[in-house]
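Every read-out reported here was derived from the displayed coordinates using simple, explicitly stated rules and does not represent laboratory data. Given the structure is predicted, the values throughout are model-derived calculations rather than measurements. Cβ coordinates were reconstructed from backbone atoms using ideal geometry, including for glycine residues, and neighbour counts include every protein chain displayed.
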């Protein structure tokens, strides 16, 4: 427990070290989720547009 | 193989689909190893104590900030000169990632500067030129948003990207050209790295993790931009018919 406290304190600089690592991981995670979500959403929209187009073409034939 | 081999969007999508999961997986593994080395295994610095650990996220963020902008500028040049059909999408896709890393370089630098320099911020050459880099990214992204005609937007944004590229060498050499609180280069220097292997390895592993992250996210973002372009074309065709 004591060694964990020592680790968390970072030699008295925990207040700087942990926020630095925290914000890097948070921003990278946010950019990742936003990017992957946007890409998947675009795949879905494109697929539905293409299938509705095909359906209309089938009907008109 | 010519540059235009991958200009074919279908071929690009197929290749990107294969690379993307590997780059993402590699990034996650390297990040886990790098974080362990940075926070646990690497020694504290004899002068800076544990604040030196901030280097393991600050330096890779700053490298990525510059790398993304260089990528953006080269892709913009390729788009302007050779009219490569994917180049302006690649440039557009890289901008938010670069802006994110530039923001992180500034924030982590600030968190390192406070305990070591006694201040969150100084208006010196290195810090100011990196702040300008952030504004360049934001201006580039705003330009894409502001111009409705996407071909005109691409051209205007590419010109801005190329003009802004002058800032990249200014950032790199700012620590040599001007008096600054910021320390000079320790890794990328002519006479080899001036940093102990126990700190160099975690730094390089973190940098590789960030690079792999960039590749995976960039590919997803380019595929998204390609899809959006196809969606726009389909909708236009629908309206016309």
For the range B:113-241, the percent of all C-alpha pairs falling in each 10 Å bin, from 0 up to the bin holding the max distance, is 10, 23, 33, 20, 10, 4, 1
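Residue B:122 to residue B:151: FRET efficiency via 1/(1 + (r/R0)^6), r the Cβ-Cβ distance, R0 45 Å, to the nearest 0.05?
On the way: r = 42 Å, r/R0 = 0.94.
Rounded to the nearest 0.05, the efficiency is 0.60.
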From the gyration tensor of the Cα coordinates in the range B:59-144, what semi-axes in whole Å does the equivalent ellipsoid have, largest first, with each one equal to sqrt(5λ)? 30, 11, 10
Average partner chain C-beta neighbours within 10 Å, per residue of B:48-54? 6
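Within 10 Å of each Cβ in A:8-18, how many Cβ atoms from other chains are there, averaged over the peptide? If you can, show how the numbers build up before the last one.
Numbers: counts 0, 1, 7, 7, 4, 13, 1, 3, 12, 14, 4.
That average works out to 6.
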Quickly estimate the mean residue ellipticity at 222 nm for chain B, helices only: each DSSP H run with n ≥ 4 gives -39500 (n - 2.57), and the total goes over all residues, rounded to 500. -26500 deg cm²/dmol
For residues of B:93-102, the mean tally of beta carbons on other chains within 10 Å: 2
Cα gyration tensor of the range A:19-60 - equivalent ellipsoid semi-axes, whole Å, descending: 41, 4, 4
For the protein assembly as shown, report the % of Cα-Cα distances exceeding 32 Å. 34 percent
For residue B:235 paired with residue B:135, estimate the spin-label separation in nm (one decimal), with each label point 7 Å from Cα along the Cα-to-Cβ line. 3.4 nm
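What ranking do A:60, B:129, B:198 get, fewest neighbouring Cβ atoms within 10 angstrom at the top?
Working: A:60 6, B:129 19, B:198 11.
Lowest count first: A:60, B:198, B:129.
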Convex hull (Cα only) mean projected area of the range B:154-214, reported in nm² to one decimal: 6.3 nm²
With -39,500 (n - 2.57) per DSSP H segment of 4 or more residues and division by the full residue count of chain A, the 222 nm estimate, nearest 500 deg cm²/dmol, is -32500 deg cm²/dmol
Radius of gyration and Dmax for the range B:197-241's Cα atoms, expressed in Å? 19.5, 66
Footprinting proxy, B:61, A:51: sorted fewest to most Cβ within 10 Å, the residues are A:51, B:61
For chain B, go through all pairs of different Cα atoms, get the mean of 1/r, take its inverse, and jot down that Kirkwood value in Å. 19.5 Å
Helix B:125-146 versus the longest principal axis of chain B: what angle, 0 to 90°, nearest 10, using Cα atoms? 20 degrees
